[in-house]
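Down below is the structure, laid out as structure tokens.
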Amino acid sequence: MRIALVSRIISGPLDFRSKIRPLFFYSSRPQRHQNQKRRQEEETPNSNSSIGSPCRVQKLIASQTDPLLAKEIFDYASNQPNFRHSYSSYLILILKLGRAKYFSLVDHLLLRLKSQAYAVTPTLFSYLIKLYAEANLPDRALKTFYTMIEFNCTPSVKHLNRILEFLVTQRSYVRPAFDLFRNAHRYGVDPNTKSYNILMRAFCFCGNISIAYQLFNEMFKRDVVPDVESYRILMQGLCRKSQVNRAVDLLEDMLNKGFVPDTLSYTTLLNSLCRKKKLREAYKLLCRMKVKGCNPDIVHYNTVILGFCREGRAMDACKVLEDMASNGCFPNLVSYRTLVNGLCDQGMLEEAKNYMEEMISEKGFSPHFSVIHALVKGFCNVGRVEEACEVLEEALKHGESPHVDTWTTIIPRICETDETERMGEVLEELLKIEIKPQTRIVEAGAALEGYLMRKIGARPRRS
């Protein structure tokens with residue numbers, strides 16, 4: 001029944017203009033003579049064939065959504081006397097079968113291509129590498145490099161890099177990728193900067209920084225010019241190993257050789273310096289960035305601000321924030337949130353409140369719930385409940401609902417001072433808030449109810 005269907009498809013007419021989208025294939029090398037000869041073969045009907053020209057069969061195969069049916073049409077045509085498929089038919093069918101993961105059938109077609117001495121283009125192997133990567137078949141992807149050589153098709157460095165990129169995504173294939181990289185020159189493929197970067201990144205992620213360094217130094221010996229990414233990969237690897245001093249030395253070497261580090265290189269170093277508590281060096285590097293051709297952005301400033309706040313140096317963080325405008329960069333919500341929390345942690349509540357007001361009135365930011373909580377908690381801890389209420393009211397005025405932890409911090413303090421009128425005012429403001437999906441009013445109400453119930457339950461009953 002299936003054979004009859006194939007026969008009917010081949011013998012019946014098709015409106016190819018409406019049913020088949022044009023397919024475009026290209027080769028990475030000029031093959032004009034071969035292409036002209038191939039077109040002549042595809043367009044000329046076989047004199048003794050009842051199914052028409054190879055071009056017609058190619059279109060039939062391309063029009064099928066079922067890859068197995070397309071394969072049966074291919075086989076049916078192959079069995080006709082004096083019929084020879086076009087190379088495009090092989091390519092289309094291999095792609096269909098590969099996308100459907102019928103790789104044993106793909107292998108069979110490759111053997112037929114080789115045995116019948118077709119002129120194979122590098123494009124076919126580019127597709128195969130992609131298909132094997134999508135199917136997560138590293139062994140097949142690796143084998144493709146050597147299959148190309150069997151077809152007398154010299155791999156390009158792009159083929160090498162595509163295989164390397166896929167192999168190193170799996171830790172157990174980093175070493176086979178390295179072996180392929182080492183042997184590539186024997187087959188006429190010279191690794192380029194991207195090849196080295198792929199291997200360097202892989203070894204850095206594996207924690208083998210020594211091999212990454214060897215590869216980096218080897219680039220200069222083989223006249224392969226490293227790029228900014230090469231330096232950055234090695235810097236990131238050194239920073240992961242807590243070797244920030246060597247990473248800074250590498251930055252200096254980079255600058256001396258005329259490279260301009262990118263923003264990610266500086267972010268890596270600033271973050272590592274701050275984590276190692278080298279805040280002086282981090283601030284100096286931040287100041288040098290603009291001189292060295294890379295304007296610091298908000299991420300760089302926020303990294304240093306966070307570093308100072310973590311070490312209890314909130315006033316130094318304030319200075320960094322004040323420097324931002326002169327370099328054409330302006331604080332964002334993260335900047336203020338980090339700074340206010342840092343100031344509150346050091347008990348500098350007035351300064352923190354001033355920055356919150358600046359953040360709201362001058363910059364137009366809504367008060368983040370963590371900023372509100374830090375200030376409310378700070379004021380409550382020193383018995384300044386009135387100021388805590390002012391912060392809370394400011395948040396409510398801007399339609400922001402404090403976190404449940406903020407309510408459970410301030411409500412007991414209000415109750416302790418017996419400011420029932422004050423509590424009523426705060427709750428009245430709370431009820432005016434427009435309820436939004438992210439509003440935590442229900443949580444606050446539950447916390448308040450729980451507190452009041454405990455308060456009532458703790459009162460001695462009158463006899």
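Here Tyr87 fulfils each of the conditions (1) farther than 19 Å from Lys59 by Cα; (2) buried (at least 21 other Cβ atoms within 10 Å of the Cβ); (3) among the aromatic types (Phe, Trp, Tyr) apart from (1). Kindly establish whether Ile372 is surrounded by 14 or more Cβ atoms within 10 Å (Cβ to Cβ) and farther than 25 Å from Leu306 by Cβ. It is false that Ile372 is surrounded by 14 or more Cβ atoms within 10 Å (Cβ to Cβ) and farther than 25 Å from Leu306 by Cβ. Of the residues making up region 100-122, one or more are in contact with a helix residue (DSSP H, G or I) (Cβ under 7 Å, 6 or more places away or on another chain), in a loop (DSSP other than H, G, I, E, B) and over 30 Å from Asn82 (Cβ atoms). Considered as a group, the residues in region 372-418 that are closer than 14 Å to Ile360 by Cα and in contact with a Leu (Cβ under 8 Å, 6 or more places away or on another chain) include one that is modelled with the highest pLDDT, and that residue is Ile372. In region 342-359, the residue that is nearest to Lys377 (Cα to Cα) out of those that are open to solvent by 50 Å² or more (accessible area, probe 1.4 Å) and in a helix (DSSP H, G or I) is Asp345. Taken together, the criteria exclude Ile73 from residues that are assigned to a helix (DSSP H, G or I), under 23 Å from Asp139 (Cβ atoms), open to solvent by less than 20 Å² (accessible area, probe 1.4 Å) and touching a residue at least 12 places away in the same chain (Cβ under 8 Å). Under the condition of being assigned to a helix (DSSP H, G or I) and crowded, with 17+ Cβ neighbours inside 10 Å, the residues counted in region 213-228 number 4. Can you find even one residue in region 388-403 that is of a type in the set (S, T, N, Q) and open to solvent by 50 Å² or more (accessible area, probe 1.4 Å)? There is no residue in region 388-403 that is of a type in the set (S, T, N, Q) and open to solvent by 50 Å² or more (accessible area, probe 1.4 Å). Of everything in region 41-60 that is touching a Lys or Arg at 6+ places or on another chain (Cβ under 8 Å) and either among the aromatic types (Phe, Trp, Tyr) or part of a helix (DSSP H, G or I) (or both), the residue that is modelled with the lowest pLDDT is Glu41. Residues of region 237-261 that are open to solvent by 10 Å² or more (accessible area, probe 1.4 Å), within 20 Å of Thr193 (Cα to Cα), in a helix (DSSP H, G or I) and touching a residue at least 24 places away in the same chain (Cβ under 8 Å): Leu255 alone. Among the candidates Leu264, Leu234, the residue that is surrounded by fewer than 17 Cβ atoms within 10 Å (Cβ to Cβ), free of Cβ contacts under 8 Å to residues at least 40 places away in the same chain, within 23 Å of the chain's Cα centre (by Cα) and part of a helix (DSSP H, G or I) is uniquely Leu264. In the set Ser156, Ser195, only one residue is among the small types (Gly, Ala, Ser), within 28 Å of the chain's Cα centre (by Cα) and open to solvent by less than 20 Å² (accessible area, probe 1.4 Å); that residue is Ser195. Can you find even one residue in region 123-137 that is outside any helix (DSSP H, G or I), on the phi < 0 side of the Ramachandran plot and either modelled with pLDDT under 95 or open to solvent by less than 10 Å² (accessible area, probe 1.4 Å) (or both)? No, region 123-137 contains no residue that is outside any helix (DSSP H, G or I), on the phi < 0 side of the Ramachandran plot and either modelled with pLDDT under 95 or open to solvent by less than 10 Å² (accessible area, probe 1.4 Å) (or both). Taken together, the criteria place Cys274 among residues that are of a type outside the set (Lys, Arg) and touching a Leu at 6+ places or on another chain (Cβ under 8 Å). Residues of region 54-70 that are out of contact with any helix residue (DSSP H, G or I) (no Cβ under 6 Å at 6 or more places or on another chain) and within 25 Å of Leu137 (Cβ to Cβ): Thr65, Asp66, Leu68, Leu69.
Among the residues making up region 311-339, those that are open to solvent by 20 Å² or more (accessible area, probe 1.4 Å), within 22 Å of Ser265 (Cα to Cα) and part of a helix (DSSP H, G or I) are Asp323, Asn327, Val334.
Taking residues in region 123-152 that are farther than 18 Å from Val174 by Cα, and partners anywhere that are open to solvent by 80 Å² or more (accessible area, probe 1.4 Å), the pairs with Cβ atoms closer than 6 Å and at least 6 places apart or on different chains are Ala135/Lys101; Ile149/Tyr187. Determine, yes or no, whether Ser78 is under 37 Å from the mean Cα position of the chain (by Cα) and of a type in the set (Gly, Ala, Ser). Here the answer is no, as Ser78 does not meet what is asked.
The values are calculated or read from the model by the stated rules, or taken from the named source; none is laboratory data. Note that the coordinates shown come from a computational prediction; the quantities given were computed from them, not determined experimentally. A quick note on method: Cβ atoms are made from the backbone with ideal geometry, for glycine too, and the neighbour counts reach across all protein chains shown. These area figures cover heavy atoms from the full protein model, side chains too; ligands, DNA and RNA do not enter into them. Shrake-Rupley method; radii C 1.70, N 1.55, O 1.52, S 1.80 Å.
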